[in-house]
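Accompanying notes for the structure given below.
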Amino acid sequence: KLGMTVKKNENFGDWYSEVVVKSGMIEYYDVSGCYILRPWSYAIWEVLKDFFDAEIKKLGIQNSYFPLFVSEQALTKEKDHIEGFAPEVAWVTKSGNTELEVPIAIRPTSETVMYPVFAKWIRGHRDLPLRLNQWCNVVRWEFKHPTPFIRSREFLWQEGHTAFATKEEADEEVKIVLELYRKIYEEYLAVPVVKGIKSEVEKFAGGLYTTTVEAFIPNTGRGIQGATSHCLGQNFSKMFEIFFEDDKGERSLVWQNSWAFTTRVIGVMVMIHGDDKGLVLPPKVATVQVVIIPVPYKNVDFNQMLDACNEVSQKLESAGLRVKQDTRDNYPPGWKYSDWELKGVPLRIEIGPKDIENKQVRMVRRDNFEKEDVPLEKVAQRAADLLDEIQANLFKKAKEVRDLCIKKVFTWEDFIEALNDKKMVLAPWCDDVEVEEDVKARTKGDTGAAKTLCMPFEQPDLPDGTVCFASGKPAKRWALWGRSY
Ligand SMILES: O=C(C[C@H]1NCCC[C@H]1O)Cn1cnc2c(c1=O)CCCC2
Ligand SMILES: [Mg+2]
């Protein structure tokens, strides 16, 4: 059957699998954990890539491309960087029937590819800052259940890798890039995120600190890391001996950052906005923002309909909108309505005989199905305004839902109740590693343990004497906890 058969709130997992395939975003593939990104989703990646690429270029960051393959020696150089991750590294061990002398890793991330070369390129302070980015794929042999876009063994991302003379410069860039990630989610994908810093347990082990934008999937009650911007401190420059001579002739280690967002962002957008009819695409990222559908009538000349569709299409295109005319003669209008609703096109324009007579069109919104008749001479402006309204409405609705899913608590009992009610939990915390490990242990269950998602930069006030919800020790700050992907 062409349309959706699974209801989002009845079986979320099956709904998600059905919608990403039937909308034309994903095709399954015979290598487990790998998916084909079809044009309907790849075009969304391109919109985000174009935005982010232009922004980092404004910051003076340059794109480059480093090899896919990593030597074993390089990969295992930074000890605590790799130990926890080793099982996820994919290795090339032979070519044809011939075993390789030494196995070669496929990049799971490129710190160990790039940093030996950074050490070679960086000599003096005039070689700094060095700021490179690459758009590429990475491979991580994940063992958890693969999910299109959300968790796959190969995914697309950008990875930024920068080196500075001072910590201040690094700290500043971490924040600037994190703000770009917030824009990708909130201004393009209409998905609300919480900006914050990761705990010592959750941060990137090889780094100094990790900042993050955290999204939330209400249907599963799970948080999801949206993108990360790490300050690596001097950990990697120590390991890879990346020194520079400063203007006083002193030899010191560079300060580094690394930051990434991935094709996961598309899956988050699908999960947040989709409904029982299929995808709902935010106009900013919609491949097709407006679809024009003629409603033929037995006694009306079809060519007249096509002319009307062309006229409207040209008006919208000259207004800079992404338009498509569905003039296929082998499907009735109703079938087309469902098909484009399944694909999530934000705005539909119907043109029937009486519309032509009255020099108007019928506009139908995908987000709330509201319909309105619009005079021909106002079509371009009205469509542009409606798309802005749809974009804003999608974000507003998603933010209302997300805010209702954050519960602020002070006690363990309330924490557990909120967790079991599929919420994120904002709780006063002593920020001790062993306490976080203890909460994980105490909340282990078939749906996974709770962990800190982040310490939000926006902290509610913490009255003196407030104690940690889990340990009873003096609370240092608020942490956002939850089960996660
Ligand atoms: O990749 C990072 C840190 C960093 N990598 C570059 C972009 C930003 C940021 O993600 C963390 N990380 C996650 N996962 C893995 C590794 C790893 O370093 C290395 C081995 C395989 C799995
Ligand atoms: Mg991982």
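The values are calculated or read from the model by the stated rules, or taken from the named source; none is laboratory data. All values reported here derive from a predicted model rather than from experimental measurement. Every residue, glycine as well, gets a Cβ built from its backbone with ideal geometry; the counts of neighbours run over all protein chains shown. The area values use the complete protein model at the heavy-atom level, side chains included, leaving out ligands, DNA and RNA. Shrake-Rupley method; radii C 1.70, N 1.55, O 1.52, S 1.80 Å.
For the range 114-130, the count of residues that are hydroxyl-bearing (Ser, Thr, Tyr) and away from ligand 2 (no atom under 16 Å from the Cβ) is at least one. The number of residues in the range 328-364 being of a type in the set (Val, Ile, Thr), over 17 Å from TRP40 (Cβ atoms) and within 34 Å of the chain's Cα centre (by Cα) comes to 2.
Out of MET269, MET239, report the one residue that is more than 16 Å from ligand 2 (Cβ to nearest atom) and modelled with pLDDT under 95.
Criteria check complete, one pass: MET239.
For ASP53, the criteria (1) open to solvent by 50 Å² or more (accessible area, probe 1.4 Å); (2) out of contact with any Pro (no Cβ under 7 Å at 6 or more places or on another chain) hold in every case but one, which is (1). Counting only strands (runs of 3 or more DSSP E) that sit completely within the range 88-192, those holding 3 or more residues that are open to solvent by 40 Å² or more (accessible area, probe 1.4 Å) correspond to 91-95, 98-106.
Comparison of ALA105, ALA90, ALA86 shows that the only residue that is free of Cβ contacts under 8 Å to residues at least 12 places away in the same chain, within 27 Å of the chain's Cα centre (by Cα), within 16 Å of ligand 1 (Cβ to nearest atom) and over 17 Å from THR162 (Cα atoms) is ALA86. Filtering the range 222-240 down to residues that are part of a strand (DSSP E or B) and away from ligand 1 (no atom under 14 Å from the Cβ), which residue is farthest from ASP403 (Cα to Cα)? Out of the qualifying residues, it is ILE224. Entry remark, the range 20-61: residues being within 18 Å of the chain's Cα centre (by Cα) and assigned to a helix (DSSP H, G or I) number 19 in total. The residues of the range 439-473 that are farther than 16 Å from TYR485 by Cβ, in contact with a strand residue (DSSP E or B) (Cβ under 9 Å, 6 or more places away or on another chain) and not in a loop (DSSP other than H, G, I, E, B), listed by number, are VAL439, MET455, PRO456, VAL467. Restricting the search to the range 62-87, which residues are within 16 Å of ligand 2 (Cβ to nearest atom), outside any helix (DSSP H, G or I) and surrounded by fewer than 13 Cβ atoms within 10 Å (Cβ to Cβ)? The answer is GLU83, GLY84. In summary, GLY445 fulfils each of the numbered conditions (1) crowded, with 21+ Cβ neighbours inside 10 Å; (2) under 27 Å from THR147 (Cβ atoms) with the single exception of condition (1). For the range 108-147, the set of residues classified as within 15 Å of ligand 1 (Cβ to nearest atom), at pLDDT 95 or above and of a type in the set (Phe, Trp, Tyr) consists of TYR115, PHE118, TRP135, TRP141, listed by residue number.
The set of residues in the range 199-211 being within 23 Å of GLU55 (Cβ to Cβ) and either surrounded by fewer than 24 Cβ atoms within 10 Å (Cβ to Cβ) or away from ligand 2 (no atom under 16 Å from the Cβ) (or both) consists of PHE204, GLY207, TYR209, THR211. Pairs linking a residue in the range 247-274 that is in contact (Cβ under 8 Å) with a residue 60 or more places away in the chain and closer than 26 Å to GLN391 by Cβ to a residue that is open to solvent by 30 Å² or more (accessible area, probe 1.4 Å) and within 16 Å of ligand 2 (Cβ to nearest atom), with Cβ atoms under 6 Å and 6 or more positions apart or on different chains, are THR263/LEU156.
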